[in-house]
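Derivation of every value follows stated rules applied to the coordinates shown; laboratory data play no part. Everything numeric here is computed off the predicted structure, so don't read it as measured data. Note that each Cβ is placed from the backbone with ideal geometry, even for glycine, and that neighbours are counted across all protein chains shown.
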Amino acid sequence: DSKGKLPEAVLVGVIGGSGLYHLDNLTFIKHVNPETPWGFPSSPISIFALPSGTQVAFLARHGVGHTINPSAVPARANIAALKSLGVRAVLAFSAVGSLREEIRPGDFVLPTQIIDRTKGVRPASFFEGTSVVAHASFGDPFSTRFVRWLEQRVASVLVAHAGSSSAALHTDKCVVCMEGPQFSTRAESKMYRAWGGDIINMSVLPEAKLAREAELGYALIATATDYDSWRENEDAVTSADVFKVLQTNAALSRTVAATILDELHDAAQEGGILTEQVGSMQYSIMPRS
Ligand code: ADE
């Protein structure tokens, strides 16, 4: 019962990837479009109310009409804009290619590691162009407690929908983030497998780095759309392959979001799942002598 409750801060921000341009079954409240020192976010941010009255923020990473290519996503503005609303936990979604036989198109993956194959053209730090030298810890690029928390919730949503979907959940995986916009060559795809990559996308970086610098909790729910290009005797990935699976994945992602957001809001309160992030930058800034 939300009657008589004061409006609370928006603690949870959802970033939607390819295919996920809106949430559903939530009450739309308003659009906000905060201008940050790094410009405007990818698109105006939608504020939604959950049935409990709790408000969450939603941002379409590539713009609502998917007009922004991965190299041009204004990741600093996106993270800064969410932070300016009071967001503490960012739940990001992304369509990914699979580098492993057992990760089938349609499956959900919660990565815990990243290999950076972006080409240095994306501004990847809030400290760039300032006189502050800061080295954020990034050994565990996702918020460990947040990811563990998600594992149980996502697993139970997939079990509850096992009748209509055969999506499996894979945990503790490594996502390769490539620059794009072209997909990988077959040789690159095989190399990423040899390196230990399990899935591949074009968007988790610099988003995850910036979330860390902003001391926000950050976790990625990846949904596989294709087998990339490593499989012998199989066609290499095309956009058409990706689009085929995108809608199904996005529908199930919306269900996951609608099911867990209320609980995530509660978990993002003081003393919840985000204890590793808060204050993490305190010793990252080099002292001046
Ligand atoms: N996003 C979805 N599928 C992908 C792939 N195969 N490579 C890079 N990014 C992707």
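Mind checking the full-extension length gain between Ala168 and Ser289? Use 0.36 nm per residue of separation minus the Cα-Cα distance, one decimal, nm. If you can, show how the numbers build up before the last one.
Working: separation 121, 0.36 × 121 = 43.56 nm, distance 5.29 nm.
Once the chain is fully extended between Ala168 and Ser289, it gains 38.3 nm.
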Evaluated over the chain, the Cα radius of gyration and Dmax, each in Å: 18.4, 63
Relative contact order computed over segment 1-85 (Cα-Cα under 8 Å; 6+ residues apart), in percent: 34 percent
Zone of Asp266's modelled label, taken as backbone nitrogen in segment 137-181 under 14 Å from a point 7 Å along Cα→Cβ: 153
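Rounded to the nearest 0.05, what FRET efficiency do Phe40 and Ser125 have when you use their Cβ-Cβ distance and R0 = 25 Å? All intermediate terms of the calculation are to be shown ahead of the outcome.
Working: r = 19 Å, r/R0 = 0.77.
Given R0 = 25 Å and the Cβ-Cβ separation, E is 0.85.
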GNM flexibility winner over the chain from Thr144, Thr223, Thr27 (Cα, springs under 10 Å): Thr27
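In deg cm²/dmol, rounded to 500, what helix-only [θ] at 222 nm does the chain give when every DSSP H run of at least 4 residues adds -39500 (n - 2.57) and the total is split over its residues?
Details: 5 runs with 73 residues, N = 289.
Only helices count here, giving -8000 deg cm²/dmol.
For segment 86-125, which trypsin sites (Lys or Arg not before Pro) are in a loop by DSSP, counting at most 15 other Cβ atoms within 10 Å?
On the way: sites: Arg88, Arg100, Arg117, Lys119; in loops: Arg88, Arg100, Lys119.
Filter output for segment 86-125: Lys119.
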DSSP loop GluC sites (Glu not before Pro) with at most 16 other Cβ within 10 Å excluded, longest remaining stretch of the chain: 36-100
Inter-part distance where segment 17-42 and segment 80-124 are each reduced to a Cα centre, Å: 17 Å
Span-like helix ranges in the chain, DSSP H, alpha carbon extent 18 angstrom or more, Kyte mean at least 0.0: 144-160, 239-267
Restraint check, Lys30/Lys83; Lys209/Lys244; Lys119/Lys244, Cα-Cα greater than 23 Å: Lys209/Lys244; Lys119/Lys244
Selection from Gly163, Ser131, Pro181, by position along the positive dipole direction of segment 128-182 (Cβ): Gly163
Sites Ala240 and Val159, calculated FRET efficiency, Cβ-Cβ separation with R0 22 Å, nearest 0.05: 0.10
Student exercise, the chain dipole from Lys, Arg, Asp, Glu Cβ charges, in Debye to nearest 20: 420 debye
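List the chymotrypsin sites (Phe, Trp or Tyr not before Pro) within segment 26-61 that fall in a DSSP loop (any state other than H, G, I, E or B) and whose Cβ has at most 10 other Cβ atoms within 10 Å.
Numbers: sites: Phe28, Trp38, Phe48, Phe58; in loops: Trp38.
Loop-located and lightly packed - none at all.
Taking only Cα atoms of segment 188-261, what ratio of Rg to Rh do you get with Rh as the Kirkwood inverse-distance radius? Walk me through the numbers before you get to the answer.
Working: Rg = 15.1 Å, Rh = 14.6 Å.
Here Rg/Rh amounts to 1.03.
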Net charge dipole size for segment 114-172 [Lys, Arg +1 and Asp, Glu -1 on Cβ; Debye, nearest 20]: 100 debye
Point-to-point label distance, Ser137-Val278, nm (Cα→Cβ direction, 7 Å offset): 1.7 nm
